[in-house]
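Heads up, the thing below is written out as structure tokens.
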Amino acid sequence: MGAIFGLLFTGIGLFLLVRGFIEFRTSKASRDWPSVEGQVTGAMVETKIDSDEDGSSTRYSPRIIYTYSVSGQQYTSDQVAIGARRWHTSRAKAEARLVYQSGQQATVYYNPDNPAKAVLEAGATRGVWGTLIAGIVFTVLGAIVLVSATNILAR
């Protein structure tokens, strides 16, 4: 049973490490992306209700939608930064994170190789670092459990 948990934790850890590494590279590259002026077309709080046998819980996340134009081509995005989207248990916390308002001008950093990919905030965020750290923790714990289970089975 320990070996299964070890493999599961190690697999999750490696997945998070790969994802975190890709996000880190992309976020680092985004600091050098060209920029254009864009327009915030929507700023709202998105609601997500999760239900299970213990009941339901509600989480909230700020959502910013913006448009921008590169070489005459119009694009729309809702990615504020590279990394995981933040969900809050309080609507007020999510509303406080709405730092952009509808109608506001905003600098948009776009990937020159794929202008459809853009962010309002270039560089690494806490979400990227969190994914990398979680990947390391899961991988190390999984390896420890796997080695322990293997040693027990070998006896």
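Quick notes on this structure:
- Among the residues making up region 58-79, those that are of a type outside the set (Ser, Thr, Tyr) and part of a strand (DSSP E or B) are 59, 62, 63, 64, 65, 70, 73, 74.
- Boolean, residue 75 is aromatic (Phe, Trp, Tyr) and more than 19 Å from residue 123 (Cβ to Cβ): yes
- Residues satisfying the stated conditions in region 106-137, i.e. among the β-branched types (Val, Ile, Thr) and in contact with a Phe, Trp or Tyr (Cβ under 6 Å, 6 or more places away or on another chain): 108, 119, 128
- Top-ranked residue in region 20-40 [being within 15 Å of residue 109 (Cβ to Cβ) and among the β-branched types (Val, Ile, Thr); ranked as farthest from the chain's Cα centre (by Cα)]: 36
- Filter pass, residue 60 being farther than 14 Å from residue 120 by Cα, aromatic (Phe, Trp, Tyr) and surrounded by 15 or more Cβ atoms within 10 Å (Cβ to Cβ): yes
- Residues in region 109-148 that are within 22 Å of residue 76 (Cα to Cα), surrounded by 13 or more Cβ atoms within 10 Å (Cβ to Cβ) and under 18 Å from the mean Cα position of the chain (by Cα): 12 in all.
- Qualifying residue in region 103-112 (condition: assigned to a loop (DSSP other than H, G, I, E, B), farther than 26 Å from residue 19 by Cα and not assigned by TED's automatic domain parsing to the domain that holds residue 20): yes
- Residue match in region 15-26 (condition: out of contact with any strand residue (DSSP E or B) (no Cβ under 6 Å at 6 or more places or on another chain), of a type outside the set (A, V, I, L, M) and not in a helix (DSSP H, G or I)): no
- Test: residue in region 80-94 that is part of a loop (DSSP other than H, G, I, E, B), at pLDDT below 95 and under 13 Å from residue 43 (Cα atoms): yes
The values are calculated or read from the model by the stated rules, or taken from the named source; none is laboratory data. Please read these numbers as outputs of a predicted model, since none were measured by experiment. Note that each Cβ is placed from the backbone with ideal geometry, even for glycine, and that neighbours are counted across all protein chains shown.
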